[in-house]
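Engineer: Mind having a look at this structure? Questions to follow.
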Amino acid sequence: MTDIAGNLKNVRARLEAACRRAGRPPDAVTLLCVSKKMPPEALEAAFGAQERHFGENYAQELRDKAERLQGLSGLHFHFIGPLQTNKARYVARWAWAFHALDRLEVAQELSRRREGEPLRCFVEVNLAGEDSKAGVSEAGLGAFLDSVRALPGLQVVGLMALPPLQENPEANRPHFRHLAQLAQKHGLSELSMGTTSDFEVAIEEGATVVRVGTAIFGERPPPGKKP
Ligand SMILES: *Cc1c(COP(=O)(O)O)cnc(C)c1O
């Protein structure tokens, strides 16, 4: 069995050390525990170790886990995966934040369906300009933000990026730095960036949310397998 509490201790120590290096208070960074494909018991274990923020990638899996874990008060789900319009209702209903907003139709559907407090949204930016990758292009970012900011039920809080997976975490430093500059330019205070392989570098470059899965929960089951 994965020692989730032990892994969390280790990740938190690394997170705090990165904050110290960057001269930032440790509570400036939210640890988002990426629990996709992990069973509800894994989230319960992390919740028991004081974690409150969980990241999910699949809309139905979000719904199932959120229904099942409704009793855990203060637990917040963040949806971090690509979202199709026809699944937006699950995110509108169950998510506290959405990190991968990159299409206006999805924003409109979330806006229509959201009840209660606004859904915190991070706009995903395609930093490397890769055709195959999700995210709004830099050139289109200003206009996209204007459109989304006009929608009720959504609150744009920051930018998100998922730079290429690299052997050397330093290789993503320029991407992180660039995302921070873009956020500042557009008046956004939150930055969702950094995963297991590079979250410390992301913190040094200003991340306010780091999305860490494998270092907390261990390796995920292979694609296609249900949790
Ligand atoms: C799965 C995932 C993560 C977590 O990746 P790890 O390498 O397991 O830390 C972070 N962000 C997004 C968007 C993901 O899909």
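Readers should treat all values here as calculations from the given coordinates under stated rules, not as data from a laboratory. The structure presented is a predicted model; accordingly, all values stated were derived computationally and were not measured. Please note: Cβ atoms are built from the backbone with ideal geometry, for glycine as well, and neighbour counts cover all protein chains shown.
Engineer: Over the residues of region 135-196, compute the C-alpha Rg and express it relative to 2.2 N^0.38 Å.
Structural biologist: 1.22
Engineer: Enter the Cα centre distance for the pair region 67-86 and region 127-183, rounded to the nearest angstrom.
Structural biologist: Region 67-86 and region 127-183 have Cα centres separated by 22 Å.
Engineer: In terms of the Cα gyration tensor, with a ≥ b ≥ c the square roots of its eigenvalues, is region 54-108 rounded because a/c is under 1.5, prolate because a/b exceeds b/c, or oblate? Spell out each step's value before the answer.
Structural biologist: On the way: a/c = 2.25, a/b = 1.89, b/c = 1.19.
Prolate.
Engineer: Starting with the highest mean, order 134-140, 36-42 by the number of other Cβ atoms within 10 Å, averaged over the residues of each peptide.
Structural biologist: Working: 134-140: 15.4, 36-42: 17.9.
Most protected by this proxy first, the peptides run 36-42, 134-140.
Engineer: What does the charge dipole of the chain about its Cα centre add up to, to the nearest 20 debye, if the Cβ of each Lys and Arg holds +1 and the Cβ of each Asp and Glu holds -1? The partial results should precede the final answer.
Structural biologist: On the way: 29 positive and 28 negative charges, 84 e Å.
Approximately 400 debye in magnitude.
Engineer: Still on this model: What's the tally of Lys pairs in the chain whose alpha-carbon atoms lie under 19 angstrom apart, where the two lysines are 8 or more places apart or on different chains?
Structural biologist: Final tally of qualifying lysine pairs is 12.
Engineer: In deg cm²/dmol, rounded to 500, what helix-only [θ] at 222 nm does the chain give when every DSSP H run of at least 4 residues adds -39500 (n - 2.57) and the total is split over its residues? Walk me through the intermediate numbers first.
Structural biologist: Values: 9 runs with 87 residues, N = 227.
One gets -11000 deg cm²/dmol as the mean residue ellipticity at 222 nm.
Engineer: Kirkwood hydrodynamic radius of the chain from all distinct Cα pairs, in Å? Mind showing how you got there, number by number?
Structural biologist: Details: mean 1/r = 0.0564 Å⁻¹.
Evaluated over the chain, this radius sits at 17.7 Å.
Engineer: By average Cβ neighbour count within 10 Å, what is the ranking of 163-175, 102-114 from highest down? Provide the component values of the computation, followed by the final result.
Structural biologist: Numbers: 163-175: 14.8, 102-114: 18.5.
The packing order, highest mean first, is 102-114, 163-175.
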